[in-house]
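Asker: So that we are looking at the same thing, I have put the structure below in C-alpha cells.
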Amino acid sequence: MQGNRQTIFAGVLVVASLAVFSTVLARATLFAPTDEAVPAVILGEVLGLDLKDNVEVSAESTSLPARLQIPKLDIDAKVQYVGLTKKGNMAAPNNFTDVGWYKYGTVPGEEGSAVIAGHVDNGIALPAIFNKLDDLAEGDDIYVETSEGTRVRFIVKEKNVYDFDEKVDMVFNQKDASILRLITCAGVWVPKIRTHDKRLVVTAVKAKAQISKN
Amino acid sequence: MTKKILSLTLLSLFVLFSFAFTAGTASAQTATFPAGCSSALGYSVTTGLPCNGTSTATIGFIAGCTTALGYSITTGVPCSGGPIAINYLAGCSSIFGYSVITGAPCNGTNVATIDPGTVTPTPTPGLPQTGASDNALVNIALLISSAALAAAGTLYVVRNRRAE
C-alpha cells in the first residue's frame, strides 16, 4: 500500500515535471513576447505619434515586404507587420525566426527609413534570426522581397549601437534617401529591466542597380 | 575747461542720438498705414485703395528691397514705400507667420516664413525589445531541474514496477 502511494506520487511528479519542461521550452524557444498595443492608433494619439498603418493603406498593394533575405548571414525570414508596444516602442516579432517590419513607417524601397527588427536570441540564449547581424559589413547585400516577388536590393552602409531607451529620431524619420534599418538587441542582458542594455542598428541604402524579379 | 565743454558736448550728442534712435525704432514699430494695408505698397485688402495714400499704388518692392521691411540696400530709402521704415508689419510681432490684421505674410513677401519654434518635430517610437525578455539562466535551470525530476520519477516508477 505504502509502495503504491509512493509510485502514484512519483507518477504525478513525472507528469508535473514534464508539463513544466514543455511549457518552459515552448515559451523560451517558440513564442517571443510582443506586448503589442491594440489598437495602436489610440496609443499613437496619446504619445503624439502620427500613425499611418501602411498595411491598411496599401491593402490592395503588392509592394509590402514579405521576406527579408541576407545571403551573407544565410537569412531568409518571413516579415511580420508590427506596430507599437504599450510603452510606445516599436514592437518585435512574436517568434524568434521571423522579422518584424514597422508598419507605421516607410515601406522598404520607398523614400524614407524602413525599419525591420528581429530577435538576437531566445529564452534559453540560443541564437535567434538576427544573432549574427553584427557580422554585416559595409557593402553587404540585403534584399527585401515584396508579396508579388519583386526584390529590392539594399547595400549596408554603417552600423551603430544605441542605448536601449534612447530615442533615435534618425532611425525612424530620416527621409533624404531610401533607407533600410535592421535592429536587434546588443550588449548585455540586464535582469532589472528585463532586456539587453544596447540596440544594434544596421543601416543600408537602396542600391542603384536593382534585381527586379527572382 | 575745454575738456569739460567737449565732454558735455559728446554727452549731449550721445543723448540726442540715443533719443533719435529710440524714437525712430518706436515710430517704425508703430507706423500706421491705411486700413487693410501693412505697408505703403500695393492695395488695401479691405478698401481696395492704394496703400500709399495716392491715386496710384506702388506695385512690387522698392528698388534694393526684397521685402517691405527695413531699408533699401541700394538707395537707403524705407522699403515700406512710406516715409519711415517698418520693422514688423501691422498685426505682426515677428517676421514669422501671418498678420492678424491683414492676413498677409509677416515677412513682407508673398510667402510666409513658418516660425521654427512652432514646428513640432516628428515624434519617434522607442527602439524595439529584440532579445527574449526571459532570463535564460532561470529558464535553463528550470528545464534541467524539471527534466531531472521527470527522469528520476520515471526511474523510480519503473523500479517499483519491476520489484512488484
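Asker: Could you grab me the full set of residues in segment A:119-138 that are among the small types (Gly, Ala, Ser) and either in a strand (DSSP E or B) or at pLDDT 95 or above (or both)?
Answerer: A:ALA137
Asker: Sort through A:ASN173, A:ASN160 and tell me the only one that's at the interface with another protein chain (Cβ under 8 Å from one of its Cβ atoms), in contact (Cβ under 8 Å) with a residue 40 or more places away in the chain and over 25 Å from A:ASN94 (Cβ atoms).
Answerer: A:ASN173
Asker: In segment B:132-164, which residues are within 18 Å of A:ALA26 (Cβ to Cβ) and polar (S, T, N, Q)?
Answerer: Residues satisfying the conditions are B:SER133, B:ASN135, B:ASN139, B:SER145, B:SER146.
Asker: What's the total number of residues in segment A:159-208 that are of a type in the set (Asp, Glu) and assigned to a strand (DSSP E or B)?
Answerer: Residues flagged as of a type in the set (Asp, Glu) and assigned to a strand (DSSP E or B) within segment A:159-208 amount to 2.
Asker: For residues in segment A:168-194 being touching a strand residue (DSSP E or B) at 6+ places or on another chain (Cβ under 7 Å) and of a type in the set (Lys, Arg), which is modelled with the lowest pLDDT?
Answerer: This residue is A:LYS175.
Asker: Select from segment B:146-164 the residues that are of a type outside the set (A, V, I, L, M, F, W, C) and either more than 8 Å from chain A (Cβ to nearest Cβ) or not in a helix (DSSP H, G or I) (or both) and list them in ascending order.
Answerer: Of everything in segment B:146-164, those that are of a type outside the set (A, V, I, L, M, F, W, C) and either more than 8 Å from chain A (Cβ to nearest Cβ) or not in a helix (DSSP H, G or I) (or both) turn out to be B:ARG159, B:ARG162, B:GLU164.
Asker: Another question about this same structure. For segment A:86-124, which residues satisfy the criterion of being without any contact (Cβ under 8 Å) to a residue 60 or more places away in the chain, more than 7 Å from every other protein chain (Cβ to nearest Cβ) and surrounded by fewer than 20 Cβ atoms within 10 Å (Cβ to Cβ)?
Answerer: Of everything in segment A:86-124, those that are without any contact (Cβ under 8 Å) to a residue 60 or more places away in the chain, more than 7 Å from every other protein chain (Cβ to nearest Cβ) and surrounded by fewer than 20 Cβ atoms within 10 Å (Cβ to Cβ) turn out to be A:LYS86, A:THR97.
Asker: Separate question: Would you say B:GLY81 is over 30 Å from A:ALA117 (Cα atoms), in the same structural domain as B:SER39 (by TED's automatic domain parsing), at pLDDT 80 or above and crowded, with 21+ Cβ neighbours inside 10 Å?
Answerer: Yes, satisfied.
Asker: Continuing with the same structure: For segment B:57-92, enumerate the residues that are part of a loop (DSSP other than H, G, I, E, B) and of a type in the set (Phe, Trp, Tyr).
Answerer: Listed by number, the residues that qualify are B:PHE61, B:TYR88.
Asker: Separate question: What's the number of the condition A:PRO127 fails, among (1) without any contact (Cβ under 8 Å) to a residue 12 or more places away in the chain; (2) of a type outside the set (A, V, I, L, M, F, W, C); (3) within 11 Å of chain B (Cβ to nearest Cβ)?
Answerer: (3) is the only condition that A:PRO127 fails.
Asker: Across segment A:125-158, what is the total count of residues that are of a type in the set (A, V, I, L, M) and either under 15 Å from the mean Cα position of the chain (by Cα) or crowded, with 20+ Cβ neighbours inside 10 Å (or both)?
Answerer: So the answer is 8.
Asker: If you scan segment B:114-128, which residues turn out to be out of contact with any Leu (no Cβ under 7 Å at 6 or more places or on another chain), surrounded by 14 or more Cβ atoms within 10 Å (Cβ to Cβ) and at pLDDT below 85?
Answerer: B:THR124
The values are calculated or read from the model by the stated rules, or taken from the named source; none is laboratory data. Keep in mind the model is a prediction, meaning the values are calculated, not measured. A quick note on method: Cβ atoms are made from the backbone with ideal geometry, for glycine too, and the neighbour counts reach across all protein chains shown.
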